[in-house]
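Have a look at the structure below before the remarks.
FYI, it's all coordinate maths here, none of it is from the lab. If you're wondering where the values come from, they're calculated on a predicted model, not measured in any experiment. Here the Cβ positions follow ideal geometry from the backbone for every residue, glycine too, while neighbour counts run over all protein chains shown.
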Protein chains: 2
Amino acid sequence: MNDHADNAYAFPLLIRHLWNAPLVRSPDQEIIYRDMNRFTYRELRQRVGRLANVLRSVGVGFGDTVAIMDWDSHRYLESFYAVPMMGATLQMVNIRLSPDQILYTLNHAAPGTLIVNSEFLGILDEIRDRLTSIKRFIWISDEGASMPEWPGFEGEYESLLAWESPNFAFHDFDENTRATTFYTTGTTGDPKGVFFSHRQLVLHTLATMAAFCSGADGQRIHRGDVYMPITPMFHVHAWGLPYVALQLGVKQVYPGRYMPEALLALIEKEGVTFSHCVPTLLQMLLTSPKSADVDLRGWKVVIGGSALPVGLARQACERGVDVFGGYGMSETCPVLSIAQLDPHLDLSDKEHELAWRCKAGAPIPLVELRTVDADMQDVPADGQTTGEVVVRSPWLTQGYTGNPAASEKLWEGAYLHTQDVGYFDNGYLKITDRIKDVIKSGGEWVSSLQIEDLLSQHPAVAEVAVIGVRDEKWGERPLAVVVPKAGQALAESDLKAHLLHFVEQGIISKYAVPAHILVASAIEKTSVGKLDKKALRARYAGAPPSS
Amino acid sequence: MNDHADNAYAFPLLIRHLWNAPLVRSPDQEIIYRDMNRFTYRELRQRVGRLANVLRSVGVGFGDTVAIMDWDSHRYLESFYAVPMMGATLQMVNIRLSPDQILYTLNHAAPGTLIVNSEFLGILDEIRDRLTSIKRFIWISDEGASMPEWPGFEGEYESLLAWESPNFAFHDFDENTRATTFYTTGTTGDPKGVFFSHRQLVLHTLATMAAFCSGADGQRIHRGDVYMPITPMFHVHAWGLPYVALQLGVKQVYPGRYMPEALLALIEKEGVTFSHCVPTLLQMLLTSPKSADVDLRGWKVVIGGSALPVGLARQACERGVDVFGGYGMSETCPVLSIAQLDPHLDLSDKEHELAWRCKAGAPIPLVELRTVDADMQDVPADGQTTGEVVVRSPWLTQGYTGNPAASEKLWEGAYLHTQDVGYFDNGYLKITDRIKDVIKSGGEWVSSLQIEDLLSQHPAVAEVAVIGVRDEKWGERPLAVVVPKAGQALAESDLKAHLLHFVEQGIISKYAVPAHILVASAIEKTSVGKLDKKALRARYAGAPPSS
């Protein structure tokens, strides 16, 4: 428009602009790596400049991809900024995948440079002859492990940074430039690449910050908090919360590899007050021998990746942990909704409160979250009618890299299909199942997540998975696999009685009680710590028929 | 990029998307107009659809401008949404301007339609023969005043809405489409038109919400608050906070014309907990006879438009009001910074705390706020060196409508020039003067705002303005005009003694004490309630020379 001044700055939504406010407001705030390093925000920003200079000097340019394999660290955080800020794309490698899957994702995203922690040398050795794109490596080692004398190793991270200037002229470019990429591991087929632009990450940062800060009384992050992620940084940008933490100017703690004792020690020493993780990890922390010595009161924890089970929520709340659910996935950057205890909810007793905490929650600003039928029509938001969860927001992957068929399926009807099934209750989404995990028994739907949740409330149950198994008579029947808590025993009859109690209360139907409840010492997990129902179904397909 | 699904929804940042989350999360929350109307969010959204249908039926199309003249109301709020959502531009008319200035802004913005409250019939009558663009009028009257039988009057607002369907298909369009426009009244020349796009308003909403929610302990808005603006909706979108309130799902109260008794009654009746206003209005509320009967504890108030004086802040804090400063202007949408009490600040005593509350504050997310010298180089952020405040953020007017010379001056050097002078202290901006109000006495700078602030702390001072007047000996000398509190008397010698006390403490220099302090019954204000220093300078140019 010709009313615009020629000189007016149009302000593209670039990751570099995330530094504008915090560098003025909180330059002396700390960023901590394990018990090893402490940097101020100002120093970390200088290290971002140094890292960009290192990367440029080894040949990284605009549009190139740089991969990283590291535990949660200041280095990872530096790559969150430096790589996109220079116009390159950061590939966050899921180091929990098998070496062959890691190889697949590296060759598929085609980075030219890999920043790699010495702890992954074994994996690297196994795949390096088959890497098709990587020409340069930057070596990381906390223990001073000497760099392998393989071709392409440019030097050790800290030494390279020390030689470079902190000044790097980060220029403006199109806000739709790809900033990050990583791979989702569905239960079928090869990993699929998702990707996010500067614009998407900046908008996700603003909306997520707005939502997480807005809690009336608890379930919120604020300028006085101390932040520590316990969702890995390779997993959907650690929920994008490191970017939010920067905006807030809070102390940030990066714990390296997740070991319960070390995490608890950091929570205690640094006074951590806000974290996020999967249910399994919270369970591990609460049951760790060291846990009893650590005062967890006031620690706020968002649970994602899998639904927060009521049993775990109760256990956490009893320790004074302000635990609540959130919802999102790799395809969604990730945050879509969070389960804050809004003033309009019925919080008349602890059980109601726990139920609200355990939902996927209410949509955050700009998110259009719907539950729809097969014709993409909204199902009633009546607290019980389930539909597929579809979504629009400004931060959803626009497809899967080089996979048009999967991309079109993801975006069928111009809404992103989550593959989750759920219902709305008072504006709060409750996920009842993954579409492919839905159990149909005698013509009626059974929610595997609900049965898991109820079984998890049994005092001797540590973990539980419910799957559908073929049944001659009913079509499908639920089957449960449970893991007892350490030192405890479980009887199938006792667990069934536990569930029948909920049948009597009208909470579930009789046909939702699994015909078989198996007791196991462990349950298979995927690389990101979710129950591997595909593996469970394969293993228990031949379970005995129900009576 | 060809990795994008054909069907992927790119999500333009449009005002209609601000409804996505709150309609799911808080459909039954209330929006209240005076003691006259109560609507739920769901109903208000339906009324937005009805208003769009009304406007379309009278001929408003994409790209047209619709003007409104009303006090703060649900109708104004409906126009905040309906007009931009249909692709038209909302002109918010400053009804405190003179009829000739109102005429100028209406003819300059060239709306085809005017929504007008019966209370402005007198103004309209005075200018209607000279209106060059307006063809249609929509009539508003709280008192049922009958519509004038002038050509172009289409009908009464409520009747028109009642006839129309709540369903209107709001389509997507370019997020850079102009959404709003209004006029700033500088102290020289004609009013200048600023304008904001959908993208800018959505980003302002997210960043402002993120910032205002983030306070560690107080100075924040949250999901449990009750919101009432006391900065007019015609004035820079009432700070954009109605859009934020929608995202939060809070109860919203629109008070009509600002009358202290009625405002206090609404605060009491509706339990208002969050507001924003200019210092003068807070002063009026605190000194209103009704004020003593209303419990103001826990009421959070952001002060903008003019700096928050320490005397007023103390008075408000003593009443339990959580008052704090914010900073912005018409050209900046408006919010740039807010003065929350961050945990890293020195809050060791009440005086320190008051000083932090009275600053312009720290930049909100994405805002690049600088204090620069004449060469656009940063001056030291040392808590004392002042520079011109220049800024970049994603929500700044890109120029003045049809005024290229002023537009280029505004954006000289690709930063928006605020015309304010200030310094940074611990990341917090303190405004010391408007550039044109700066006083240079004997070669030294005197901050008129600082002297005003110190004089306002005298127990008998209600209002104060400090200007520079020519002086043979010193070049310029400060001159103060003070208004005593009701029933109190002021002596010049007493006020000088009050200031000399601060000279002794080293807070100001001796030459900053005005040679003359005049006592007046009132001080001229501009149409938006700011001290009219231009008028004061004209009046007191011939003040007696200093000794």
Across every pair of different alpha-carbon atoms, what Kirkwood hydrodynamic radius in Å does chain A reach? 24.5 Å
Once you have the Kirkwood Rh of the range B:16-191 from its Cα pairs, apply Stokes-Einstein at 20 °C and 1.002 mPa s and quote D in µm²/s. 128 µm²/s
Can you tell me the orientation of helix A:41-57 relative to chain A, as the angle in degrees between its alpha-carbon axis and the longest Cα principal axis, to the nearest 10? 70 degrees
Which net charge results for the neighbourhood of B:Thr181, defined as the other residues with beta-carbon distances under 14 angstrom from its beta-carbon, given Lys and Arg at +1 and Asp and Glu at -1? -1
How big is Rg to Rh over the range B:433-496, alpha-carbon atoms, Rh as the Kirkwood inverse-mean-distance radius? 1.02
Residues whose placed amide H lies under 5 Å from that of A:Phe137, excluding near-sequence neighbours: A:Leu114, A:Phe153, A:Glu154
Mean ellipticity per residue at 222 nm, deg cm²/dmol - from DSSP H runs of n ≥ 4 across the protein assembly as shown, formula -39500 (n - 2.57): -8500 deg cm²/dmol
Taking Lys and Arg as +1 and Asp and Glu as -1, residues besides A:Gly193 with C-beta under 12 Å from its C-beta add up to -1
Can you list the distances in nanometres, one decimal and ascending, from the B:Ser165 label point to the identical position in each other copy, with the point 7 Å along Cα to Cβ? 6.4
At a temperature of 20 °C and a viscosity of 1.002 mPa s, determine how fast the range B:439-539 diffuses translationally according to Stokes-Einstein, using the Kirkwood radius over alpha-carbon pairs as Rh; express D in µm²/s, rounded to the nearest whole number. 156 µm²/s
Inter-copy label distances at A:Ile435, 7 Å along the Cα→beta-carbon direction, one decimal in nm, shortest first? 5.9
Could you check the spin-label model distance between B:Asp382 and B:Lys440? Points 7 Å from the Cα along Cα→Cβ, value in nm. 2.0 nm
Given a cut-off of under 8 Å on Cα pairs at least six residues apart, what relative contact order in percent is computed for chain B? 10 percent
Only sites in a loop by DSSP and with at most 16 other Cβ atoms within 10 Å count here; which chymotrypsin sites (Phe, Trp or Tyr not before Pro) in the range B:356-458 make the cut? none
From other protein chains only, count the Cβ atoms within 10 Å of every residue's Cβ in B:432-440, then give the mean. 0
A:Lys350 label points, 7 Å along Cα→Cβ, one per copy: pairwise distances from this copy to the rest in nm, shortest first? 4.2
Looking at chain B, which Cys residues are left with no other cysteine's beta carbon under 4.7 Å from theirs? B:Cys277, B:Cys317, B:Cys333, B:Cys358
The range B:16-191, dipole about Cα centre (Lys/Arg Cβ +1, Asp/Glu Cβ -1), debye to the nearest 20: 480 debye
Nearby lysines by direct alpha-carbon distance to B:Lys533 (threshold 25 angstrom, same-chain neighbours under 8 apart not counted): B:Lys192, B:Lys359, B:Lys409, B:Lys430, B:Lys436, B:Lys440, B:Lys473, B:Lys485, B:Lys496, B:Lys510, B:Lys525
Is there a simple number for the mean count of other chain Cβ atoms within 10 Å of the Cβ of residues in B:219-225, and what is it? 6
Within 10 Å of each Cβ in peptide A:361-373, how many partner chain Cβ atoms are there on average? Round it to a whole number, please. 5
Treating the beta-carbon of each Lys and Arg as +1 and of each Asp and Glu as -1, no other charges, what is the dipole magnitude of the range A:297-454 about its Cα centre, to the nearest 20 debye? 580 debye
What number, in nm² with one decimal, is the all-direction average of the projected area of the convex hull of the alpha-carbon atoms of the range A:196-435? 13.0 nm²
Can you give the FRET efficiency to the nearest 0.05 for B:Asp349 and B:Ala216, using r as the Cβ-Cβ distance and R₀ = 25 Å? 0.85
If you average the sequence gap of Cα pairs under 8 Å that are 6 or more apart and divide by the length of the range B:196-435, what percent do you get for the contact order? 17 percent
If I stretch the segment between B:Glu143 and B:Ala541 completely, what's the gain in nm (0.36 nm per residue apart, minus their alpha carbon distance), one decimal? 138.7 nm
Is there a quick way to get the dipole size of the range B:138-190? I mean about its Cα centre, with the Cβ of Lys and Arg at +1 and of Asp and Glu at -1; what is the value in debye to the nearest 20? 160 debye
Hull surface over four for the Cα convex hull of the protein assembly as shown, reported in nm², is 45.6 nm²
Segment A:Ala460-A:Arg319, length gained on full extension (0.36 nm per residue, minus Cα span): 49.0 nm
Which distance in Å, rounded to a whole number, links the C-alpha centroids of the range A:289-348 and the range B:62-120? 46 Å
With the dipole of chain A worked out from charges on the C-beta (+1 for Lys and Arg, -1 for Asp and Glu) around the Cα centre, which of A:Thr287, A:Ala512, A:Ala316 lies farthest toward the positive end? A:Thr287
Across chain B, where is the longest run that never hits trypsin sites (Lys or Arg not before Pro) in a DSSP loop with at most 12 other C-beta atoms within 10 Å? B:1-296
Counting only DSSP loop positions in the range A:413-477, the GluC sites (Glu not before Pro) whose Cβ has at most 13 other Cβ atoms within 10 Å are A:Glu472
Taking a label point 7 Å from the Cα of A:Ala414 along the Cα→Cβ vector, which residues of the range B:76-93 have an amide N closer than 19 Å to it? B:85-88
Could you derive backbone 3J(HN,Hα) for the range B:279-285 from the dihedral phi with the Karplus parameters 6.51, -1.76 and 1.60 (θ = phi - 60°), listing whole Hz in sequence and x where the residue is Gly or Pro? x, 4, 5, 4, 4, 4, 5
To the nearest 0.05, what FRET efficiency results for B:Asp190 and A:Asn37 with a Förster distance of 41 Å applied to their C-beta separation? 0.10
